[in-house]
1. Which residues does the label zone of Glu234 cover in the range 1-16, counting backbone N under 17 Å from a point 7 Å along Cα→Cβ?
2. Can you return the aspartates and glutamates within cross-link range of Lys254? Criterion is Cα-Cα under 14 Å, with same-chain partners fewer than 8 residues away left out.
3. Between Ser479 and Arg361, what length in nm is gained on full extension when 0.36 nm per residue of separation is reduced by their alpha carbon distance?
4. Roughly how many Å is it from the Cα centre of the range 334-407 to that of the range 124-184, as a whole number?
5. Report, please, the projected area of the chain averaged over directions, based on the convex hull of its C-alpha atoms, in nm².
6. Which entries of Lys144/Lys177; Lys318/Lys371; Lys4/Lys340; Lys153/Lys173; Lys424/Lys538 show an alpha-carbon separation above 22 angstrom in the structure shown?
7. What is the range 257-564 by shape, rounded, prolate or oblate, if you read a ≥ b ≥ c off the alpha carbon gyration tensor as root eigenvalues and call it rounded for a/c under 1.5, prolate for a/b larger than b/c, and oblate otherwise?
8. So, counting K/R as plus one and D/E as minus one, what does the shell of residues with Cβ under 12 Å around Lys140 add up to?
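Quick note: the coordinates plus some simple rules give every number you see, no bench work behind them. What you see is a predicted model; the values in this text were computed from it and never measured. As a convention, Cβ positions derive from the backbone with ideal geometry for all residues, glycine included, and neighbour counts pool all protein chains shown.
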Amino acid sequence: MEKKAIAASEGIAIASVFKFESPTLDIVKETIEDVEDSWQKLASAIESSKAEILDIRDHTAKTIDEESAAIFDAHLQILEDPEIAREVKEIMNDEKLSSAYAYDVVTKKYVTIFESMEDNKYMQERAADVKDVAKRVLAKYLGKSLPNPLSIKRDVIVVAHDLTPSDTAQLNKQYVKGFITEIGGKTSHSAIMARMLEIPAIVGAKSILNAVNQDDTMILDGTTGTYIINPNAEQHQFYTQKHKDFAAEKTRLKALKNMKTITKDNHQVELAANIGSDQDLTSVLENGAEGIGLYRTEFLYMNAQSMPDENTQYEAYKKVLEGMPNQKVVIRTLDIGGDKHLDYLTMEPEMNPFLGKRALRLCLSEMAIFKTQLRALLRASAYGDLHIMFPMIATVEELLEAKEVLSICAKELQEENMAIGDYKVGIMIEIPSTVFIAKHLAKHCDFFSVGTNDLIQYTFAADRMNESVSYLYQPFHPSILNMLKLVIDASHEAGIWTGMCGEMAQEYEALPLLLGLGLDEFSMSPSSILKSRESICKMNYKKAQALALEVLTYDNSAAVLQRLKKEDYYD
Ligand code: PEP
Ligand code: MG
């Protein structure tokens, strides 16, 4: 039977199901009679965890590097820690409680102690390590195993309740043909990453984990959001053909790779790419991007086991700038918080993480983290056309404060005789307050880039991760279109440009509206660029302008979408 959920990343996948489930670990306070017997059970869980960690260490050393692999040495040390073993045995002997319960108590105690050492980065990292190790050991003890994306070695469709952005980053495209999750929206970060990795994906498929069995065959159409469990021969044939057509269309579009993006009446715009790491550069170049409109640097942090230092970051930014000679590269400063976490950075629990200490707010309160990144960026500026972008700006004061830190870093580097090139500074427009003070913000920066994923979530007060309010993700709503007009006009009056790096920029139907509103740069997943270029090159700018002005007066999204169907913006 065909079912539908939210289409998150284009393309067709046909493969067998791989259920990606984190087990629940219920450790009960259980009294025992035989201490030695219970201890042996824990000891064997520790032994098999050791074997597993050695395997992962080996794999990491081969596929990433020795430095990243070293983190697992710390895990092995924790497994063999004599003090933990002594304390566990003490509880077992004194209180006659089970080894699993005692191990849980002791490891949690260390996690709390390490986490409380707020200023000690090393101890914070150890807390994350102890948590990880304890989870693995207790899962083994209970006869359960933790999901490991690296262990996938055959063609599969990953089925999960949710995938964190770092789970998604570890998926190996060679084997993972697609994924489908129970929760999430079109703009949750695992969906965004799927588009960047060009993995077909569907999100918001409620109860899918219960509906499938391991190794069932599944068809997933990430373009329409349709999925089929154990398809019949006819469905199999239909989607195999659709998969071939999809690939053929991609090949056809390659002819547009080196073209500029100019309307029939000679209005030029720029189509740039969103990336999450330097590894995306191949796809950026293959798809004819005219620059990088958003480099989400948080993935560099999320893929590391500890805070990346200045040199590591400098090398990564330099690589992207050198990979895009004579082209603009917008690198966004760290945007952690919301649905993006760093295992090694302990943050106060928040009631509403998307409204909390996220992105620039976190950076301004963690100066050491912020300055390390800014120094790395400034050093890398010598290697290309760097545009530094601050996320989650809400006020002029925040922008001025961020710029002040940037100039302090520049001064420090000059005193250290480090080379700095030219660079530009811009901000994301993704909090509604900034729309209405755009003309003031424009005085202090060189460009704007609209983050519609957040701008829409904050305007409609609808969590972008929550599929039950996903109907309020309405990029075509006149409220959003009018906000865009205010921002773009304010930027042009101030003589600066406005781009868009939110997912709306790759919403195919939105292209004539954004063009008509005067958007200067459209930044999207590399795989969407050529199709967008083909469409814009057939449009007439003046007609698109008239269309945009007309729909600004409408009162709902459906009416705007209906009006777009006339397609009277082509020449
Ligand atoms: C946005 O909010 O539109 C955006 C591009 O940033 P992110 O999706 O990383 O929050
Ligand atoms: Mg955002």
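1. Correct set: 1-3.
2. In chain and number order, the partners are Glu286, Glu534.
3. Gain in length upon complete extension: 39.8 nm.
4. With the range 334-407 and the range 124-184 each reduced to a Cα centre, they are spaced 27 Å.
5. Across all orientations, the chain yields a mean hull projection of 27.6 nm².
6. In this structure, Lys144/Lys177; Lys4/Lys340; Lys424/Lys538 exceed 22 Å between Cα atoms.
7. prolate
8. For residues surrounding Lys140, the net value is +3.
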